[in-house]
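A quick write-up on the structure given underneath.
The values are calculated or read from the model by the stated rules, or taken from the named source; none is laboratory data. The shown structure was predicted, so the numbers you read here are calculated from the model rather than taken from an experiment. Neighbour counts are summed over all protein chains in view; Cβ atoms, including those assigned to glycine, are modelled from backbone coordinates with ideal geometry.
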Amino acid sequence: MTNHELFQRARQLMPGGVNSPVRAFKSVGGEPFFTARADGAYLWDVEGKRYIDYVGSWGPMIAGHNHPAVREAVERAVRDGLSFGTPCPAEVTMAETIARLVPSMEMVRMVNSGTEATMSAIRLARGATGRSRIVKFEGCYHGHGDSFLVKAGSGALTFGVPTSPGVPKQNADLTLTLPYNDIDAARALFAEHGQDIAALIIEPVAGNMNCILPREGYLQGLRTLCDEHGALLIFDEVMTGFRVALGGAQAHYGVKPDLTTFGKVIGGGMPVGAYGGRRDLMEQVAPAGPIYQAGTLSGNPVAMAAGLAMLGLVQAPGFHDALAARTRLLCDGLQAVADGAGVAFSTNCVGGMFGLFFIREKVESFTQATAADTTRFNRFFHGMLERGVYLAPSAFEAGFMSSAHSEEDIAATLEAARQVMTTLTR
Ligand code: PLP
């Protein structure tokens with residue numbers, strides 16, 4: 001069965017032929033490939049073609065695909081049963097591990113996805129503060145909960161406009177949006193609405209509008225604003241957690257949120273999310289407190305085994321330094337290749353995540369990210385794919401490095417980029 005044949009079949013019965021939209025390649029054009037297996041830094045499609053993979057299942061595969069430590073932990077767990085519906089020991093170890101690695105996580109609740117984690121965190125924020133409004137940032141993604149599918153109108157103080165049909169306007173009205181990296185806009189918004197704001201939720205490194213790093217002091221400024229107005233600060237570390245640094249972006253930038261959400265790496269490739277933070281807040285979650293949140297499969301023993309094995313791997317001494325160095329090697333190499341070809345290009349990176357922009361300037365805002373040349377990105381994407389390098393299939397997604405990517409893989413990636421970049425000026 002070829003990729004094309006599978007996609008034809010998939011399209012008959014699945015919306016767009018996929019179970020999550022970006023996989024369908026709509027942004028870059030063409031058809032997706034279907035993966036038959038994955039190992040280390042590579043994916044193999046059903047036609048036997050190998051790709052160096054910089055998507056890593058959208059983040060979880062920080063130690064490479066099919067890592068033996070994770071696979072064996074899962075195999076061991078499976079022998080004892082798939083799901084119990086009672087507490088199990090691995091959940092306790094998981095909570096202890098998270099609390100040790102991320103000190104702001106005084107208590108934690110496991111869930112099954114990043115979306116569940118963020119939805120639950122804002123319910124908790126609303127329940128605990130008695131306020132209804134939340135603040136999010138233009139270009140930040142927090143999963144597909146109704147409150148988050150809202151983009152900015154014009155200007156920081158504009159009330160939310162639903163991005164997706166099906167999100168009631170009344171719901172969208174409760175979400176205020178701000179431009180990322182603009183502390184003055186945040187101050188103005190809080191000056192007007194501060195007393196109604198339950199929480200501000202942010203990706204401390206924005207990874208869903210390509211990859212944009214917070215300006216110096218920006219996260220600290222948001223912390224201060226939240227404190228001044230009695231709003232909670234939620235870091236959505238679904239992407240950055242255990243990737244930007246062992247303690248997440250909050251450790252890297254030295255800012256302590258009230259609540260944090262995790263996903264991706266924390267599940268080692270299984271469907272897992274988590275939220276947690278201040279003890280006085282988490283003690284309000286059911287059954288300790290009245291704010292309801294539950295899950296049939298939450299804390300699943302197989303998922304916990306995978307996550308714990310992955311968290312074991314990222315604790316190896318020097319893991320994140322080596323990952324960051326490799327990410328930097330790739331970004332600097334791509335910059336040199338683009339400069340050599342006369343292509344306007346810039347990169348951002350921190351820890352094991354990176355962004356590629358077909359624009360000359362350094363990108364620090366959503367406006368700049370959307371001003372980059374997406375047509376060029378799409379041509380670059382397809383040229384690289386043809387040469388066996390799989391980048392995220394959209395100009396607005398971050399790239400992910402893993403510890404399995406070797407210097408040879410990066411050299412091969414740069415050689416492919418050299419060939420493709422020269423075609424982009426034609
Ligand atoms: N938050 C962030 C920062 C994300 O990047 C994502 C997914 O990409 C989510 C939340 C949603 O997580 P999930 O896709 O597991 O629901």
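Might you check whether a residue that is surrounded by fewer than 18 Cβ atoms within 10 Å (Cβ to Cβ), modelled with pLDDT of 95 or more and under 30 Å from Arg387 (Cα atoms) occurs anywhere in segment 90-112?
No, every residue in segment 90-112 fails to be surrounded by fewer than 18 Cβ atoms within 10 Å (Cβ to Cβ), modelled with pLDDT of 95 or more and under 30 Å from Arg387 (Cα atoms).
Tally the residues that are in a loop (DSSP other than H, G, I, E, B), within 19 Å of the chain's Cα centre (by Cα) and more than 11 Å from the ligand (Cβ to nearest atom), restricting the search to segment 263-288.
Looking only at that region, the number is 1.
Suppose we filter Thr240, Thr260 for residues that are within 25 Å of Ala306 (Cα to Cα), assigned to a loop (DSSP other than H, G, I, E, B) and within 16 Å of the ligand (Cβ to nearest atom); which single one remains?
None of the other options fit; the residue is Thr240.
Condition check ((1) in a helix (DSSP H, G or I); (2) closer than 28 Å to Gly48 by Cβ; (3) modelled with pLDDT of 95 or more) across all residues:
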site	(1), (2), (3)
Gly340	yes, no, yes
Phe381	yes, yes, yes
Glu397	no, yes, no
Ser402	no, yes, yes
Glu408	yes, yes, yes
Glu415	yes, yes, yes
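Kindly list the number of the only condition in (1) touching a strand residue (DSSP E or B) at 6+ places or on another chain (Cβ under 7 Å); (2) over 22 Å from Ala245 (Cα atoms) that fails for Ala371.
(1)
Here's the yes/no breakdown for (1) assigned to a helix (DSSP H, G or I); (2) among the hydroxyl-bearing types (Ser, Thr, Tyr); (3) closer than 18 Å to Ile52 by Cβ:
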{"site": "Leu311", "(1), (2), (3)": "yes, no, no"}
{"site": "Leu323", "(1), (2), (3)": "yes, no, yes"}
{"site": "Ala336", "(1), (2), (3)": "yes, no, no"}
{"site": "Ala344", "(1), (2), (3)": "no, no, no"}
{"site": "Phe354", "(1), (2), (3)": "no, no, yes"}
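Restrict the check to segment 195-210 and report whether at least one residue is more than 16 Å from the ligand (Cβ to nearest atom), part of a strand (DSSP E or B) and under 18 Å from Phe262 (Cα atoms).
No, that holds for no residue.
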